[in-house]
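Note sheet for the following structure.
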Amino acid sequence: MSAFRFSCLAALIGCLMSMSVQAADDDAASAPVAASAVTAAQALNTGYPKGRYQVFDADAALESDTQVAAGVPPGQKVWAPMKKVHLEAVLLALPEPCDMKLLAEMVVAGGVDFNSLPKISSCLRIKTAKAHELSVFVQDDVAAALTKSAKPGDALQLNGAYVYASEVDKSLGVVITGTGGDTADKAAQPGKPKVDKTSCLELKTYAEIVKCTKEMDKRK
């Protein structure tokens, strides 16, 4: 190999190595930025918990979650993550503006950005199955719908997020996020095992499958 060809080859190898090092430096420099962006996005879009609503006994929660033990300073219990709940109650009063300070503090304490939630600026009074009167927070869009469609004395089906229990004023920090039928997971209730119809499909005849399915429906 002539000296000229050798020098050209050496120059080419040196150039390629320089480009490889520069690319690696660029990747290393951009990695922290990408990771930070993802982390920020996750933190800002936490919002309400995902999954099915669970049947919520507000009376039991008032008696247990807000009970102050002897010698223990009053405080709050914050659920992290929030509990997704479904409850039935009687409407006592239509939504009215209320203080959001404690709710905002408890949402943040539970690891959620309060500003990531839909706007909340009002509360409504409800009555539980055991006639306890309870004030719950309600999203503005839900409050507007209730104002148009409901009146005091109506029985309501409510879906929401259970954020905290306050031992200071014996209150429950529940945010109503929607209304509707019982969308709770009945299988999660004590004493009600999950009904699985897939076993019916293993039967041989159509008549047997139909009979099995009907029997399963009766167990709900």
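Figures for the structure shown
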quantity: Residue count for the stretch 130-157, restricted to those that are in contact (Cβ under 8 Å) with a residue 60 or more places away in the chain, among the aliphatic types (A, V, I, L, M) and in contact with a helix residue (DSSP H, G or I) (Cβ under 9 Å, 6 or more places away or on another chain); calculated: 2
quantity: Selected residue [of a type in the set (Asp, Glu), closer than 17 Å to Gly178 by Cα, over 15 Å from the mean Cα position of the chain (by Cα) and open to solvent by 70 Å² or more (accessible area, probe 1.4 Å)] from Glu105, Glu96, Glu63, Glu133; calculated: Glu96
quantity: Residues of the stretch 108-126 that turn out to be open to solvent by less than 30 Å² (accessible area, probe 1.4 Å) and under 17 Å from the mean Cα position of the chain (by Cα), as a count; calculated: 4
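The values are calculated or read from the model by the stated rules, or taken from the named source; none is laboratory data. As the structure is a prediction and not an experimental result, all values here were calculated from the model. Here the Cβ is made from the backbone with ideal geometry for all residues, glycine too, and neighbour counts use every protein chain on show. Each accessible area value is taken on the protein alone, full model and side chains, heavy atoms only, with ligands, DNA and RNA left out. Shrake-Rupley method; radii C 1.70, N 1.55, O 1.52, S 1.80 Å.
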